[in-house]
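Okay, structure first, notes after.
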Amino acid sequence: MVHDNEIVYQAKKELRKSIRTSLKSFWASSSAAEKNRLGVLLSEKIKKVPAWDSCAHICAFLSMPDELDTGPLITAALNQNKHVYVPRIEGSDIDFVILETDWNSWTKDAWNIPVPPGELPAVKPELFIQEPSLIVVPGLAFDTTGRRLGRGKGFYDRYLGKLLAVSKQLQKPMPFLVGVGLELQLVESVPADDHDFRVDTVIVI
């Protein structure tokens, strides 16, 4: 007998494979100028999200080669004197650290992505609950109900679980979650487990 969680697991695996193939093809045919144009467009769209103006804290990932460029968004947030935070992998989890002005000079990893220095202190999750915050959430696929398919490591779902616990403890709302991707990453339905978090809105380019 095949259990429901096994069906969901296989459906996720197949969707990841399909989206990765499509992304590889898309970015292989895109120039650096086009990638920058899409990044600027992403920034403009996120700045129109109602939660943007009220949020002093913005969490944004530093883009992998097959992700939309968040550089223009980060620049826009800093120009508006918002505090920007980026994820850093800590074992099997992620924490967020504040982005320094010299972040482009950070050591690059194998994908040429700046890596937050280990000596930078991690920000306590409470900060993003105590004050209005917006988190830009990466993903391989999204659907119109806010369901998200990650890369399979569970980094964001675990971190969002920490935030939810703090949110309940302090009786304050969660940060506003924005899923971002290309149009090809918006699918009819994302297979999901009970522990998978939904985003509040999805922005595709």
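Within region 66-111, the set of residues being within 24 Å of Lys35 (Cα to Cα), more than 18 Å from the chain's Cα centre (by Cα) and polar (S, T, N, Q) comprises Asn79, Gln80, Thr101, Asn104, Ser105, Thr107. Condition (residue is touching a helix residue (DSSP H, G or I) at 6+ places or on another chain (Cβ under 8 Å), touching a residue at least 40 places away in the same chain (Cβ under 8 Å), assigned to a loop (DSSP other than H, G, I, E, B) and under 30 Å from Met174 (Cβ atoms)) applied to region 47-59: is it met by at least one residue? No, region 47-59 contains no residue that is touching a helix residue (DSSP H, G or I) at 6+ places or on another chain (Cβ under 8 Å), touching a residue at least 40 places away in the same chain (Cβ under 8 Å), assigned to a loop (DSSP other than H, G, I, E, B) and under 30 Å from Met174 (Cβ atoms). Residues in region 2-45 that are of a type in the set (Gly, Ala, Ser), in a helix (DSSP H, G or I) and surrounded by fewer than 14 Cβ atoms within 10 Å (Cβ to Cβ): Ser25, Ala28, Ala32, Ala33. Answer yes or no: is there a residue in region 176-192 that is farther than 30 Å from Thr21 by Cβ, touching an Asp or Glu at 6+ places or on another chain (Cβ under 9 Å) and either modelled with pLDDT of 95 or more or β-branched (Val, Ile, Thr) (or both). Yes, there is a match, as at least one residue in region 176-192 is farther than 30 Å from Thr21 by Cβ, touching an Asp or Glu at 6+ places or on another chain (Cβ under 9 Å) and either modelled with pLDDT of 95 or more or β-branched (Val, Ile, Thr) (or both). In region 1-37, the residue that is nearest to Ile74 (Cα to Cα) out of those that are touching an Asp or Glu at 6+ places or on another chain (Cβ under 7 Å) and modelled with pLDDT of 95 or more is Asn36. Whether a residue is at pLDDT 95 or above and on the phi < 0 side of the Ramachandran plot was assessed, and Ser105 does not pass this test. Scanning region 57-70 for residues that are modelled with pLDDT under 95 and over 28 Å from Lys17 (Cβ atoms) yields no hits at all. Residue pairs whose Cβ atoms lie under 7 Å apart, sitting 6 or more positions apart in sequence or on different chains, and linking a residue in region 3-15 that is more than 17 Å from Leu184 (Cα to Cα) and in contact (Cβ under 8 Å) with a residue 12 or more places away in the chain to a partner that is exposed (fewer than 11 other Cβ atoms within 10 Å of the Cβ) and among the basic types (Lys, Arg), do not occur here. Across region 147-165, the qualifying residues are those that are within 26 Å of Pro65 (Cα to Cα) and either touching a Leu at 6+ places or on another chain (Cβ under 8 Å) or of a type in the set (Lys, Arg) (or both), and the one among them that is surrounded by the most Cβ atoms within 10 Å (Cβ to Cβ) is Arg148.
The values are calculated or read from the model by the stated rules, or taken from the named source; none is laboratory data. Remember, predicted model here, so these are calculated numbers, not experimental data. Here the Cβ is made from the backbone with ideal geometry for all residues, glycine too, and neighbour counts use every protein chain on show.
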